[in-house]
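Heads up: the structure comes next, in structure tokens.
Read-outs: derived from the displayed coordinates by stated rules, not from any lab. Because the structure is a prediction, the values reported are computed rather than measured. All Cβ positions, glycine included, derive from the backbone under ideal geometry; neighbour counts span all protein chains shown.
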Amino acid sequence: MTTRQRTVPAAPGTSEEEAPAAPPVEVRGTSLWTRIKRERVAYTFIVPGLAFFVLFVYVPLLGNVVAFMDFSPFLGLEDSPWVGFDNFRALLDDPELRDALVNTLTISLLLVVFAFPAPLALALLLNSLLSDRVKRIVQTVVYLPHFLSWVIVISLCQQLLGGNGFVSTLVQDLGGEPFNAMTDPDTFYALVVSQSIWKDVGWGTIIFFAAIAAVPRDRYEAAAVDGANSWRRTWHITLPALLPVTTLLLILQIGNVLTVGFEQLLLQQPAVGADAAQVLDTFVYYRGVAGGQWGVSAAAGLLKGVIATVLIVSANRVAKRLGGSGIF
Amino acid sequence: MTQLSRRTFLGGLGTTLGAVALAGPLTACGGGGGASRGTAAFDIPTFGEPRPPALDPAFTASHEAMRDVYVGQPAEYFRGYDGTPLSGGEISTFQLTWGNPPSDVSGDPYWQELNRRLGGTIDTTFVPAAQYGDKLATTLASGSVPDLVFVDDNSPVALQGIRDGAFADLSETLSGDNVLEWPHLAARREDVWRSSLRDGRIVTIPSPVHPLSFFPLLRLDIVEQVGGNAEPADADELFELLAQVAAVRDAHGLPVHGIALYDDPLQTVVEAMYRVGCDWQLDGSGGFVHKIETEAYRESLAFLARCWEAGVFNPDALSGTVPEGPFGNAVFAPSAWSNSVGGPGIHTAERDTEGIRLGFLELRGFDGGDCVWERNLPHGRSIAVSSRAAEDTDRLREILNVLDYLSAPWGSEERLFIDSGIEGEHWEMRDGVVTPTNPPSTQYTWVASGDAVYNLAALSEPWAEGFHAVASRQAEQSVPKDTLGLTSETLASRGVQLNASLLDQQNAVVSGRASLSDFDDFVRTWLDQGGEQIRREYDEAREARG
């Protein structure tokens, strides 16, 4: 329960200095139930979202008991035998787990380093455009790949960068050696990160645009009057304004560090090989859905969830220690 | 993804997965609605000779692994079923589809006619191959198992369902002469039933399968274009031909490849050329070894790697996407007979692309000697009956009536409808040949009976003789699986995982990502991961059998 005082935010379009002084709402010592009763209309809006999470997220979490069973779909949870930690032992003894973990962490790290800041950079770039018309056109174009399925994206890559693809054919026509970027494990990580950036960089800018739009324009005007150039205004006004949302996204990204594009990797694995393309999610798929080892698969998922929770909590603490507000 | 089903190992997987599916704890018997597994003695169902089609075979089989070859269609179709199998009501089915599912029953004349002929309503859940495992798992978990379920012998989920009692034990119902109540179900030979037993019991209705399925095709026009030898005498000559072709970049406006895909048929054919033999095979000391432990297998991989290195393969051969053009526009195209001469495939290819010529290649062994072809299991495409539905004997009888109808043999009026649809709506008779005009989606519940003959399309007549010669030769050089009738529990539980890692390693060696010495390391790991255990179980099972 928070003990901080809450103030009514300033009205839109007015600076905090100009806002009428609103009486602070005292929450110290007020019970949750009292607040719910007092602000029941506002709390009512929580109900659909809460119901969704309870029904489709928290209740299914109970299914993690499968990790401790020799689960059979037909026998269900009632009749499948319990096996203690056997599934975890089998999981840790599996030699493919190591490769899957290494690939997952490597791809995640590369995504954090290259794909995570890409929307921020693009948002800043687009924000610097003076023409709103051009900005909107560019925004629309860069959003589009997000709506393509991974099957289409991989097919496009195949047509472009595969052994019979456009680039290889062109290179051969010009007298060069053929190449196949879709089957080369040495460049596969770069390919995966590039695909992710191409597909989602535009979509990722939306939240940054929202944050940039929330920055009062008079701050830019004041900075300009004080002689700040464009770079200074970005550095001292825009980036600090984006810091909270960037921190939040980074914490969430760290929580997902063990989850990298399942479909993206699954579709490319046959061509490039499991050594490069086996990640935890494909490992779980092959053991569970394809291999019928539901218990081992659930153990991997449970372990992944526990690690993700630890990472989110740790990242949140670090963010707070560095002066940020964290996400909880 | 497609490689997951590569037959080279899964063929063996299917042999024993089904058999061992019931070897696990039977704690589920009666649980979750499952019927108790019967223990009473039973006889293998009596074979009832199906009525032959009104068509003489063009070529009669002279080897146990060969089947008669028919060309075209029967002159007339006999009526094989009187009345309707259902007396109203509904029958639900769970069916894997290989093509596009049909539209809703209201817009599908075939479905409406099927309902009329069955005397009830068939409610089918169509499941694409890629979703078979997860869809079946959720169906089993729901506890609401359809009356008829397509059982993929390679799916661990299906085998778990069998083990746990989701499907009825039909052993006593179909025992001996009991099966004669359903003449089309009886039209299965003993080896088909025996091959499909699950822990010694009849849990599925099997369909007979051809002993051999894959036959290599050669693009004769391109061979001629490069001045190559259309009858390579050994592996070196085949390589030389394919390497010559690698220099040709396109034909008929499309890229040409020596080999289009690295898939099941190709692996099967190259293994045959190097006389690799069965997946699990008996060595000189009487114990089992897996083919990947053999020098012959190693050499087959080396041949493929050499082809890759020489640019013989389509560069995207591992992607699973067939290149544009007839048979992937490849010169060497090992294909399932059903895709070449079983339908209009080979005829259409020549008709639609002017100047191309295709012919069957009689493959020689790597050293000019014979090949060794591993035969398929005698059964495939099995259908199981829900144990819950089977608790009511009258209901079980109706369900078996439906399977009996759907098992109508080739040459019957029922089979003509099941395979081709309605005359005037889906096909027309032209010059005595059933000619599809608007082919329906027919995959409601696929089950067949009688001997699995090679019934070639009338349009394939020009290739029939060549096909018969090649198929007969392959039959003479074929061997049955050494593990037939033996069981391995580890293969059932870890087979898919082991197979996936093997396919990945094969891809790596062939495409040059890994060396043959890497493969040797892989073999040791593979054995440690379960291969050794499977070997022990096979050895023990063989000793126990005596």
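The table below lists the values:
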{"quantity": "Compactness relative to 2.2 N^0.38 Å, alpha carbon Rg of chain A", "calculated": "1.26"}
{"quantity": "Candidates A:30, A:309, A:187: whichever shows maximal mean-square fluctuation once chain A is modelled as a Gaussian network with Cα springs under 10 Å", "calculated": "A:30"}
{"quantity": "Kirkwood estimate for the range B:364-523, i.e. one over the average of 1/r between Cα atoms, Å", "calculated": "21.0"}
{"quantity": "Computed [θ] at 222 nm, deg cm²/dmol, chain B (DSSP H ≥ 4; -39,500 (n - 2.57); rounded to nearest 500)", "calculated": "-11000 deg cm²/dmol"}
{"quantity": "Extreme residue, positive dipole direction of the protein assembly as shown, given options B:185, A:146, A:55 (C-beta unit charges)", "calculated": "A:55"}
{"quantity": "Max mean-square fluctuation residue, GNM over chain A, Cα-Cα springs under 10 Å, options A:231, A:33, A:150", "calculated": "A:33"}
{"quantity": "Of the trypsin sites (Lys or Arg not before Pro) in the range A:173-273, those whose Cβ has at most 14 other Cβ within 10 Å and which sit in DSSP loop", "calculated": "none"}
{"quantity": "Cα Rg, Dmax (largest Cα-Cα span) when computed across chain B, Å", "calculated": "23.5, 68"}
{"quantity": "Shape of the range A:96-154, Cα gyration tensor, a/c cut at 1.5", "calculated": "oblate"}
{"quantity": "Cβ-derived FRET efficiency at R0 41 Å, residue B:302 paired with residue A:160, nearest 0.05", "calculated": "0.80"}
{"quantity": "Mean Kyte hydropathy of -1.0 or more with a Cα span along the axis of at least 27 Å, helices from DSSP in chain A", "calculated": "A:188-213, A:294-321"}
{"quantity": "Relative contact order %, chain B, counting alpha carbon pairs below 8 Å whose residues are six or more apart", "calculated": "27"}
{"quantity": "Gained length - residue A:309 relative to residue A:194, 0.36 nm times residue gap less alpha-carbon distance", "calculated": "38.6 nm"}
{"quantity": "Dipole-positive endmost among B:466, B:331, B:66 within chain B (Cβ charges, Cα centre)", "calculated": "B:66"}
{"quantity": "With 5 Å bins from 0: P(r) over the range B:160-207, alpha-carbon pairs, percent", "calculated": "5, 21, 33, 25, 11, 5, 0"}
{"quantity": "19 Å Cα-Cα reach of residue B:291 towards lysines, excluding residues that sit fewer than 8 places from it in its own chain", "calculated": "B:481"}
{"quantity": "Cα-only Debye scattering, the protein assembly as shown: base-10 log of I(q)/I(0) at q = 0.06, 0.07, 0.08 Å⁻¹", "calculated": "-0.51, -0.67, -0.85"}
{"quantity": "Kyte-Doolittle mean at least -0.5 and Cα axial length at least 30 Å: DSSP H helices in chain B", "calculated": "B:489-510"}
{"quantity": "Chain A: most fluctuating residue of A:87, A:164, A:256 per GNM, C-alpha cutoff 10 Å", "calculated": "A:164"}
{"quantity": "Euclidean distance between Cα centres, the range A:37-116 to the range B:459-504, Å", "calculated": "40"}
{"quantity": "D (Stokes-Einstein, µm²/s), Kirkwood Cα radius, the range B:89-137, 0.890 mPa s at 25 °C", "calculated": "209"}
{"quantity": "Point-charge dipole on Cβ atoms (K/R +1, D/E -1) for chain B, about Cα centre, debye to 20", "calculated": "760"}
{"quantity": "log10 of Debye I(q)/I(0), alpha-carbon scatterers only, for the range A:71-181 at 0.12 Å⁻¹", "calculated": "-0.85"}
{"quantity": "Cα principal axis extents for the range B:278-408, largest first, Å", "calculated": "64, 54, 29"}
{"quantity": "Loop GluC sites (Glu not before Pro), the range B:183-286, which have at most 12 other Cβ atoms in a 10 Å radius of their Cβ (DSSP)", "calculated": "none"}
{"quantity": "Chain A: relative contact order as a whole-number percent, Cα under 8 Å and 6+ apart", "calculated": "22"}
{"quantity": "Average partner coverage of A:156-164, which counts Cβ from other chains inside 10 Å", "calculated": "3"}
{"quantity": "Theoretical FRET efficiency, 1/(1+(r/R0)^6), r = Cβ-Cβ of residue A:82 and residue B:121, R0 41 Å, to 0.05", "calculated": "0.45"}
{"quantity": "Ratio Rg/Rh [Cα only; Rh per Kirkwood] for the range B:408-469", "calculated": "0.99"}
{"quantity": "Per DSSP, loop GluC sites (Glu not before Pro) in the range B:390-465 with at most 14 further Cβ within 10 Å", "calculated": "B:391, B:425"}
{"quantity": "Computed P(r) (all Cα pairs; the range B:33-160; 10 Å bins; percent)", "calculated": "9, 23, 30, 30, 8, 0"}
